[in-house]
Every structure is written in C-alpha cells, then in structure tokens.
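The structure under discussion appears below in the form of structure tokens.
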Amino acid sequence: MDLLKVPDKEKMRKHWPDLMARAQAGDIAAYKELLNEITPILRRFMARKLFSQDILEDIVQETLLAVHTARHTYRPEDPFDRWLFGIARHKALDAMRRYYRQGVHEILVDTDETFSHLLANDKNEGIVQDIKQALDQLPEKQRKIVIMAKLEGHSLADIAVTYGMTEAAVRVTVHRAYKTMKLWLVNNGYE
Amino acid sequence: MDTNDLVSKLVKDLKPIEPLPAPQCCGMKWAIGSMLSMMALFPLLANGLRHDIYVIYTQPQFLLELGSVFLAGTLAGLSAFILRVPQLKISLKTKMMIFIATTIWTIEIVRLLGLEFSSHDTEAVIDLAGHECALHLSILMAFPVIFIFYLLKKGASTHLTWSGYTALLATISYTYVAMRLLCPIDDAAHLLLWHVSPAIFYAAIGTFAGKFFLKW
C-alpha cells in the first residue's frame, strides 16, 4: 500500500527546499532528515519506472548518490520536486539502458558462480593455470574485482564498499570480465 | 551496501557547499571570457579586423545579421546554463530560447543560399584558399568551447544532448560573428562553404559530445 501513496505536496514545496538549503550550509541533521524522507519517494518513483525488484534498490542508491553529488546545483528558490525527479528520471533511464542492454538475468546468474572449488583440487592444476592466464587478459581493476568475487569469495556488497561502487556496478563489472575470460578460454580450446 | 548505511555515509560526508550561481551570471562570465579570448586572437589571425570595417559597420543589413546571430548565441548560451541544473522537463521558456536561436541560424542559412542561387556565381566555391577561414573559425572557438564545457561540467545536466547542442550553438554563433569582423569576403558562397558549414559541423558534433563530456 505504501507504494501507492502520493508524496506530500506541501513538503515538496516548502519543507524540502528548506532542508536542502540547510544541508548546503552543512546542517547534518537537516540532510539526514531530507535523505530519509526522499528515499521512500524515490523507491516509489523507481518502482513505477522499473520492472525488476532485484535492481530497484541499486537504482535508488545510485540516485541518492547523484543527489549528493549534485546538491550544489539546487537553488532554494526553484521547485525541489522538479530538481529531484529530474535526477531520478535521468538515473532511471541510465539504469534501464544499462541493465536491459546487458541482460539482467544473465548477470544475476553468473555472479553466483566462483572458481574457488577448482583451486581446492590439485587435479585441476592445468585449468587453474588457464584461468589465471584468462584473468591476465583483464584490465587491472576488473581483474582485482573478479579475484575478490570469484576466487576469494567476497560478496558483491563487500566489493562495492571496497571500491566505492554500487553493487549493480560491481555485478556489471564481474559480468563483463566473465565474458572476456570465457571468450579467451573458448579461443584456447575450452568448450 | 544497505540503503540506510548509504544514507548514513552520505550524511557523514556532508560538507558545506556554495550553490551554483544563476545561469545569467555564468552566461555573462562565459560570454565575456569568450569575447576577450577572441579579441586577443584577432591580431594574430588575418592581421586583425577586416579593412572595410569602418564602412561596413554602418550598413543595416550587416548589423542585423551580426546582431541576430549574436542574439542566437546569447539565447543558446543562456539555455545551456539553465540546462546544467537537473530538471524533470525542459521548461517552455528554455525551449523557446533554443527554438529562436535555431530559427535565427536557419534564416541566416536560407538567406545566404538565396543570395548564392540568385547570383549564379560559383567562383568562390572552387576557391580553396577560403579554407583559412574554417581554420580561423576553429582556432577562435577553441577557448570558448572548452570554457563552456568546463562551466557546464560544474553542473549536473539531465538533458545531455540538448546541453551539448546549445553549448556548441552558442559557441559557433559568437565565433561566426567574430569571423564576420575578421574576414572581408561577403560572398554568400564563401560564407556558406567556409563559415557556415564548419559551424554546422561543430554544432552537430556538440550534440553528440554533450552525451559524453557532460555525463556525471
């Protein structure tokens, strides 16, 4: 039922511009209040735009980061809702383009697989060497992320914190790396 | 990371910041900077202002042409600076400014085409020496285009294509005016080939460039 609630117009018009103006001046309490109030609104906005619940929270987080980055562009005399939903729409479109171009489902499946079971078995020495060579084909950051995700078994959330990325971005990075490695392995005799 | 954790992190990272200045202020800053940079280059390119400047500046048609293209540049520049602030939809006022600026250019191009077709003179078209004007135009617009993208990058545009288009439209308009003060050739074919064509080419590039350079 919460998803169907309409944002309080009065808050949008007076309260939030005031909170943002105070946040711009460095008022931590005002900023916390503002972010806590806009988060459910953004969640509702994204729920209307996006189909998958799996990525909804990631996009909300991306939008909150964008609000933080662009907070200097808000001028208190301007309508806050147009500014906020401008950012939200921009991020939603970006995300839709990114996710649906790459195929969300494919990404969700392959990030759960790891290579750690191969490393645990001595019989797989040759395969491990090949995987290491495939890893060498990747750019440095991508390689480190794959090692954390697929060899060391870290969660996407951990990697996201380590690299200051969103989980969605880590998932996409791992997916891209996985495709590059797969291609290299296929070209080197694997099926 | 949980959304609540992210909110806590963002709150912790909060520092006082200066809100972005009004679009008019930035537009003014860019216009003055661009004009000064072009004026500084005048003595280096084509030995300064055109030799007939004291005669031609009294002609109403010339003044109207320069005035209208300058207006197009000002409107496009202002639109670019309005668009650097996130907004759900482009306001009607901004759309009108972009429309007027584009219309002025369209009229200018149609006027030059009309002059060219009525003159039946193709001499300037095959005069490849005119490429210097295209080169000068490119040199003149280098600083203004870098400056406007630098200023726009300080914002957070949510309409990247339009931002890129308006930024380049503003830049080429001011540069076109500057070139008309430098180059003494008023022939329509010369203007179309060596002044307008590069300007259109750069405006088209700007439309795509906005998507990449203004991404945030």
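The values are calculated or read from the model by the stated rules, or taken from the named source; none is laboratory data. Remember, it's a predicted structure, so these values are computed and weren't measured experimentally. For neighbour counting, all protein chains shown are included, and Cβ atoms are generated from backbone atoms with ideal geometry for every residue, glycine included.
Which of the residues spanning segment B:26-40 are of a type outside the set (Gly, Ala, Ser) and surrounded by 17 or more Cβ atoms within 10 Å (Cβ to Cβ)?
Correct list: B:Cys26, B:Trp30, B:Met38.
What's the number of the only condition in (1) within 28 Å of B:Lys215 (Cβ to Cβ); (2) modelled with pLDDT under 90; (3) not in a loop (DSSP other than H, G, I, E, B) that B:Cys26 fails to meet?
So B:Cys26 meets the others, but not (2).
Take B:Ala80 and decide whether it is closer than 23 Å to B:Thr103 by Cα and either part of a loop (DSSP other than H, G, I, E, B) or touching a Ser or Thr at 6+ places or on another chain (Cβ under 6 Å) (or both).
The answer is yes for B:Ala80.
Suppose we keep only residues that are more than 7 Å from every other protein chain (Cβ to nearest Cβ) and of a type in the set (A, V, I, L, M) within segment A:73-90. Which one would you say is surrounded by the fewest Cβ atoms within 10 Å (Cβ to Cβ)?
Per the stated criteria, the residue is A:Leu84.
If you take the residues in segment B:20-32 that are within 12 Å of chain A (Cβ to nearest Cβ) and in contact with a Phe, Trp or Tyr (Cβ under 7 Å, 6 or more places away or on another chain), which one is farthest from B:His136 (Cα to Cα)?
The qualifying residue farthest from B:His136 (Cα to Cα) is B:Pro23.
Could you figure out which of (1) in contact (Cβ under 8 Å) with a residue 60 or more places away in the chain; (2) within 15 Å of B:Thr207 (Cβ to Cβ); (3) in contact with a Gly (Cβ under 7 Å, 6 or more places away or on another chain); (4) surrounded by fewer than 23 Cβ atoms within 10 Å (Cβ to Cβ) isn't true of B:Ala167?
Failing condition for B:Ala167: (4).
Could you check segment B:60-113 and list, in sequence order, the residues that are among the aromatic types (Phe, Trp, Tyr) and surrounded by fewer than 21 Cβ atoms within 10 Å (Cβ to Cβ)?
Scanning segment B:60-113 gives B:Phe62, B:Phe70, B:Phe99.
Can you pull out every residue in segment B:2-47 that is touching a Ser or Thr at 6+ places or on another chain (Cβ under 8 Å) and not small (Gly, Ala, Ser)?
B:Thr3, B:Val7, B:Pro19, B:Leu20, B:Met38 - these are the residues of segment B:2-47 that are touching a Ser or Thr at 6+ places or on another chain (Cβ under 8 Å) and not small (Gly, Ala, Ser).
Of the numbered conditions (1) at pLDDT 75 or above; (2) within 25 Å of A:Ala157 (Cβ to Cβ); (3) more than 9 Å from every other protein chain (Cβ to nearest Cβ), A:Ala30 satisfies every one except a single condition; which is it?
So the condition that A:Ala30 fails would be (2).
For B:Thr161, indicate whether it is without any contact (Cβ under 8 Å) to a residue 60 or more places away in the chain, over 30 Å from A:Arg71 (Cα atoms) and polar (S, T, N, Q).
Against the criterion (without any contact (Cβ under 8 Å) to a residue 60 or more places away in the chain, over 30 Å from A:Arg71 (Cα atoms) and polar (S, T, N, Q)), B:Thr161 does not qualify.
Those residues that are over 14 Å from B:Arg84 (Cα atoms), β-branched (Val, Ile, Thr) and assigned to a helix (DSSP H, G or I), I need them from segment B:148-188; list them, please.
Within segment B:148-188, B:Thr171, B:Ile172, B:Thr175, B:Val177 qualify.
Rundown of residues vs (1) part of a helix (DSSP H, G or I); (2) of a type outside the set (A, V, I, L, M); (3) closer than 30 Å to B:His131 by Cβ, yes/no style:
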| position | (1), (2), (3) |
| --- | --- |
| B:Met1 | no, no, no |
| B:Pro16 | no, yes, no |
| B:Ser34 | yes, yes, yes |
| B:Ser37 | yes, yes, yes |
| B:Leu44 | no, no, yes |
| B:His51 | no, yes, yes |
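Given the conditions (1) surrounded by fewer than 24 Cβ atoms within 10 Å (Cβ to Cβ); (2) within 11 Å of the chain's Cα centre (by Cα); (3) not polar (S, T, N, Q), report the number of the one that B:Gly206 does not fulfil.
(1)
Checking the conditions here, which among B:Leu45, B:Leu10 is more than 30 Å from A:Glu37 (Cα to Cα), surrounded by 18 or more Cβ atoms within 10 Å (Cβ to Cβ) and either within 14 Å of chain A (Cβ to nearest Cβ) or in contact (Cβ under 8 Å) with a residue 60 or more places away in the chain (or both)?
On the way: B:Leu10 fails: more than 30 Å from A:Glu37 (Cα to Cα).
B:Leu45 is the lone residue from the list that is more than 30 Å from A:Glu37 (Cα to Cα), surrounded by 18 or more Cβ atoms within 10 Å (Cβ to Cβ) and either within 14 Å of chain A (Cβ to nearest Cβ) or in contact (Cβ under 8 Å) with a residue 60 or more places away in the chain (or both).
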